[in-house]
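Following: one structure in structure tokens, then a few remarks.
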Amino acid sequence: MSNERLCPEHYLLRLRAAEFPPTLAGQFVQLQCRRLGEQDPAREVPWPAAGPPRLTQAELAGREPFLRRPFSLAGRRDTPAGVELDLIYRTVGTGTHWLAEVVRPGQRLSVLGPLGNGFAVRADKPRAALIGGGVGIPPMIYLAETLARAGKQSVAFHGARTAALLPVAVAGDAVSPAGRPTPCVEPFARADVPSVVATDDGSLGFAGMVSRAFESWLDAERLDPSSLAVYSCGPEPMMRAVAELCLTRGIDCQLCMERHMACGMGTCQSCVVKIRDDTPQGWSFKLCCTDGPVFEAGRIVWA
Amino acid sequence: MKSEIDLSVEIAGVKLANPLMTASGTCGYADEYADFVDLRQLGAFVTKSITRQPRAGNEYPRVVETRAGMLNAIGLANVGLERFVAEKVPLLEALGLPVFVNVAGTTIDDYVAVAQALRDVKIVRGLELNISCPNVKAGGIQFGVDPEQVTRITREIKSVAGKNILIVKLSPNVTDIAQTAQATVEGGADALSLINTFTAMAIDVEKRRPILGNVTGGLSGPAIRPVAVHMVHRVYTRVAKPAGVPIIGMGGIQYAHDALEFLLAGATGLAVGTALFVNPACLVSIRDGIADYLARHGCRSVREIIGALETA
């Protein structure tokens, strides 16, 4: 449907499918970052009766990746015209640069999913904190909507290296430099979720790591830790800081992990995460794709 | 699908409805792909490597994409023999296909233990010997690259395989793959599968470090297909055809065109691996594409084109 630039590094890709299975915030899809259909019949039809497949120039130039790329869901809408899926991606490698440069409205893409397990909304926790860093913010948009529907009182925390790299629309003058939650981030404000923005360089909102912004909010609120559930996705140092803070304060915390993966379906065994258990060595490898990507924070063994 | 086309083949007495199978390690134990493809459309199912004891596998990162392919260094992560028989065999029985179990180990005793345990499992029709990864207890020579070792291990496993046919999976990391193929035939192999992955590396030049946790990995995918086709052709003409031993060909198969190359080069069976990570349903479109090709060329059976390459 659309593929628009949100900031120098992030794009919002809106897809529409005639139908799509039910999805949860925290789940992901595997997207094929290459042309389909008329431009390249050899790739998707069984065997062209006319003759052998021909390689396209794009493939010869090596600009289209072979494997799919995983993207978390940033939102889903069921409309009379079909199911709309939002993916927000950051241009980091061959696949995402291809998406940014080539994909235009009307183009068909191959989507595999939904994959993985979503966040488990804690029925016993009336309050929620959503902590997203960089490209970990998109699944928080979807989760904010889910939590709003479940009647939870949520606050969202968004971290980025610098203001220009936030993958969401921010009303800059509404952001509190002191880290107080305000309705300053549009997709969250829509779900009645106020936001705190933190930037590492202090260019917008709270100056410092988003985990620090969350900690000072926690200290100011003085709420009962047993009433709060924390959901987080972002770079590992950030999630680790969030996890350790929650552990210290006795707060329930779920993390959405990111791993390089080939299949996303549990067969290639490549996307391993070390998870604490009662085996002699104290941990086992679990698969980010089918056992996760959402894990309980306290069970993750950090690298 | 053209119903009058006969796609059935036979691998050392095991009848397959069509030549297509899964390549070991790319299809788990069949339940993982249940939502994405009907595996009953295949000729046979090849499991992930099974070892005597469970294996956790290597440190992350375990895969990296390279141009037209990928490197993997999973480290034979698997549930181990005991859990395989208890938990995975019932799933495979439900599939109703002949199953070939890929067997790996670090000592000959390990291989023998797994082979003996699978002798009486009905759904298992064959063992695929993975002698491309592990090291021998003494000396640390790779089983798969020393012809004498290859003959010895093949003979030992064959003697305990019982009803199961013995397929030996060959490593391409040798000077002459026909020589290793000959060694397995001398050891009594019923079939050959080739090729396994190429030992390879990818480097993060900024950090000056290998990308994979294991430093090296195995290269697979479309990038290796032309080499694999050549190796199948070489082994077919020099060893397999004269000895009457069938080949299961693999290495970068993604489309029917690719599968047909392997058939013409001399493969009786075909395994699809890395392409399943992108699209598990490609197995069915490859099968149908082969049938279309046969119809177009006036063939009634896929067996008419096995090794039908004309080089004169």
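The values are calculated or read from the model by the stated rules, or taken from the named source; none is laboratory data. Every value quoted in this text rests on a predicted model; they were computed, and no experiment measured them. Neighbour counts run over all protein chains shown; Cβ positions are idealised from the backbone, glycine included.
Summary table
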item	result
The listed residue being away from chain B (no Cβ under 11 Å) and under 30 Å from residue B:25 (Cβ atoms), out of A:249, A:299	A:299
Every residue from region A:8-35 that is assigned to a strand (DSSP E or B), among the aromatic types (Phe, Trp, Tyr) and under 23 Å from residue A:266 (Cα atoms)	A:28
Test: residue in region A:213-232 that is under 19 Å from residue A:136 (Cα atoms), crowded, with 19+ Cβ neighbours inside 10 Å, in contact with a Cys (Cβ under 9 Å, 6 or more places away or on another chain) and polar (S, T, N, Q)	yes
Yes/no for residue B:26 being within 11 Å of chain A (Cβ to nearest Cβ) and modelled with pLDDT of 95 or more	no
Test: residue in region B:227-238 that is more than 21 Å from residue B:131 (Cα to Cα), buried (at least 24 other Cβ atoms within 10 Å of the Cβ) and not acidic (Asp, Glu)	no
Matching residues in region B:239-257 - criterion: being within 14 Å of another protein chain (Cβ to nearest Cβ), closer than 16 Å to residue B:7 by Cα and in contact with a Gly (Cβ under 6 Å, 6 or more places away or on another chain)	B:256
Strands (runs of 3 or more DSSP E) enclosed by region B:175-286 - at least 2 residues per element that are under 30 Å from residue B:159 (Cα atoms), modelled with pLDDT of 95 or more and under 15 Å from the mean Cα position of the chain (by Cα)	B:191-194, B:247-250, B:269-272
Lone qualifier among B:260, B:276, B:264 - being within 14 Å of chain A (Cβ to nearest Cβ), in contact (Cβ under 8 Å) with a residue 40 or more places away in the chain, touching a Ser or Thr at 6+ places or on another chain (Cβ under 9 Å) and of a type outside the set (Gly, Ala, Ser)	B:276
Per-region count, region A:255-286, residues among the aliphatic types (A, V, I, L, M) and over 22 Å from residue A:242 (Cβ atoms)	3
Matching option when the condition is at pLDDT 95 or above and of a type in the set (A, V, I, L, M, F, W, C), among A:156, A:123	A:156
Selected residue (only one of B:39, B:20, B:16 is within 14 Å of chain A (Cβ to nearest Cβ), hydrophobic (A, V, I, L, M, F, W, C), in contact with a strand residue (DSSP E or B) (Cβ under 8 Å, 6 or more places away or on another chain) and within 22 Å of residue B:170 (Cα to Cα))	B:20
Unmet requirement for residue B:59, which otherwise passes all of (1) under 26 Å from residue B:109 (Cα atoms); (2) at pLDDT below 95	(1)
Residue B:66, sole failed condition from (1) within 27 Å of residue B:198 (Cβ to Cβ); (2) over 16 Å from the mean Cα position of the chain (by Cα); (3) surrounded by 22 or more Cβ atoms within 10 Å (Cβ to Cβ)	(3)
Strands (runs of 3 or more DSSP E) contained in region B:49-159 and holding at least 2 residues within 14 Å of chain A (Cβ to nearest Cβ)	B:63-66, B:69-72
Single residue of region B:285-298 satisfying the filter (in contact (Cβ under 8 Å) with a residue 40 or more places away in the chain and either at the interface with chain A (Cβ under 7 Å from one of its Cβ atoms) or surrounded by 19 or more Cβ atoms within 10 Å (Cβ to Cβ) (or both)) that is nearest to residue B:71 (Cα to Cα)	B:286
Subset of region B:188-244 that is hydroxyl-bearing (Ser, Thr, Tyr) and out of contact with any Lys or Arg (no Cβ under 7 Å at 6 or more places or on another chain) - its residue that is farthest from residue B:64 (Cα to Cα)	B:237
Members of region A:262-275 found to be surrounded by 24 or more Cβ atoms within 10 Å (Cβ to Cβ) and facing chain B (nearest Cβ under 7 Å), listed by number	A:262, A:263, A:265, A:267, A:268, A:269, A:270, A:272
